[in-house]
Amino acid sequence: MASVLASYAELPLERYRVRFTTTASLNSRFKSAEHLPAALLALLRTAERRPRPLVHVHLADGGSLLREGAVLRLARFLGLPTVATMHASHLQSVVADDRARLSDVLGNAHVVHALGPTTAALIRDTIGSSPEIVVVPNCVTVRRSTGPAGANAPRALFAGEISLRKGVDVLLEAWTGVRSAVPDAELLVLGKPRDVGLHRRLDGLSWGGSVPRQRVLAELDRCRVAVLPTRSEAQPMFVLEAMAAGRPVVTTPIAEIPGTVADVAGLVAVGDANALAAALTSYLSYPDRATTAGDVERRRAETYFSIVPVSRRVEEMYDEAIRRADHAEKWRRPSSRAS
């Protein structure tokens, strides 16, 4: 989520000025609860401004439906145009376990923002025909300064939480096979530990811990292939950042990933360590193959997920939310004509 919001801060919007308000903490539920009153107060103060502000609320897993949902409800109550973005990596579980609450929260948005058609279909099945659902993907900065993937040493990079959800256990199982095929291959794992028992020593494997986003980008420049064997996802920024750096990506066909990546040869079944090892070995053994695939990924990132096209679609989404808010307000007002 932090990487996604950072990318929003970089959008060169022409007709909108963005101001961020913190509603949650990435590290503590208690701190998240502390942020909420301040966020609601800031919203009340902002509502008095002219021109009328638009409120864009980002929702995720856990307590987000209650916390950010409260912000969305208040914004709608105040008559402000509202956009709700669903980032939930466990959206199918949320739909299955908490469908009524999800529908109720999203019903306060004039526009619901989905990251891709798979997510949009799941949300539509939950909320019905209203409100409007608009598909706008995450965005990424395409960096032309990176060299070809095949020019790098045979190094793979994983970046994300160290968890079963991200498939780290499958990656570790696959890595033994990769090292057998490519004895000088290296794997760097970056991220915050989430599940116990995953941290262990293997030949060629380095653990880098939790690092800033700039370190991840720097390591992408130095790797030949990026890997994310995730079990549950929305549209991971690590995949987009790898594509933007011109790196082939080995990942799983989860949620919006198949429609994001260009090279379907890099998609492996969830939990299939043998297929994961084979895909990684293919890129680590053949530099030209890695360069070709990485160049294709970079072109796709620039065409569909770079700042300029996504900025345009975000502004169109905001325009639609304002139109719908104006329409709803017009129908709420009592008629001025005498009866």
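Numbers below:
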{"item": "Selection status of Val264, surrounded by fewer than 14 Cβ atoms within 10 Å (Cβ to Cβ) and under 22 Å from the mean Cα position of the chain (by Cα)", "result": "yes"}
{"item": "Some residue of region 116-132 being assigned by TED's automatic domain parsing to the domain that holds Val18, touching a helix residue (DSSP H, G or I) at 6+ places or on another chain (Cβ under 6 Å), surrounded by 16 or more Cβ atoms within 10 Å (Cβ to Cβ) and in a strand (DSSP E or B)", "result": "no"}
{"item": "Residue that is surrounded by the most Cβ atoms within 10 Å (Cβ to Cβ) [pool: residues in region 172-207 that are within 22 Å of the chain's Cα centre (by Cα) and closer than 22 Å to Ala245 by Cα]", "result": "Val189"}
{"item": "Long-range neighbours under 7 Å by Cβ, at least six apart or interchain, first residue over 14 Å from Ser130 (Cα atoms) within region 97-110, second β-branched (Val, Ile, Thr) and buried (at least 16 other Cβ atoms within 10 Å of the Cβ)", "result": "Arg99/Thr126"}
{"item": "Any chance Val239 is outside the structural domain of Leu122 (by TED's automatic domain parsing) and in contact with a Phe, Trp or Tyr (Cβ under 8 Å, 6 or more places away or on another chain)", "result": "no"}
{"item": "All helices (runs of 4 or more DSSP H) inside region 255-332 with 2 or more residues being under 22 Å from Arg179 (Cα atoms) and touching a Pro at 6+ places or on another chain (Cβ under 9 Å)", "result": "273-285, 287-300"}
{"item": "Residues satisfying the stated conditions in region 76-115, i.e. in contact with a Pro (Cβ under 6 Å, 6 or more places away or on another chain) and small (Gly, Ala, Ser)", "result": "Ala109"}
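Okay, residues lined up against (1) out of contact with any helix residue (DSSP H, G or I) (no Cβ under 6 Å at 6 or more places or on another chain); (2) of a type in the set (D, E, K, R); (3) buried (at least 18 other Cβ atoms within 10 Å of the Cβ); (4) not assigned by TED's automatic domain parsing to the domain that holds Ala244:
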site: Gly271; (1), (2), (3), (4): no, no, no, no
site: Asn274; (1), (2), (3), (4): yes, no, no, no
site: Ala277; (1), (2), (3), (4): no, no, yes, no
site: Leu284; (1), (2), (3), (4): yes, no, yes, no
site: Thr292; (1), (2), (3), (4): yes, no, no, no
site: Ser311; (1), (2), (3), (4): yes, no, yes, yes
site: Glu316; (1), (2), (3), (4): yes, yes, no, yes
site: Glu320; (1), (2), (3), (4): yes, yes, no, yes
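The values are calculated or read from the model by the stated rules, or taken from the named source; none is laboratory data. Since the structure is predicted, the reported quantities are computational estimates derived from the model, not experimental observations. So basically every Cβ, Gly included, is an ideal-geometry build from the backbone, and we count neighbours across all protein chains shown.
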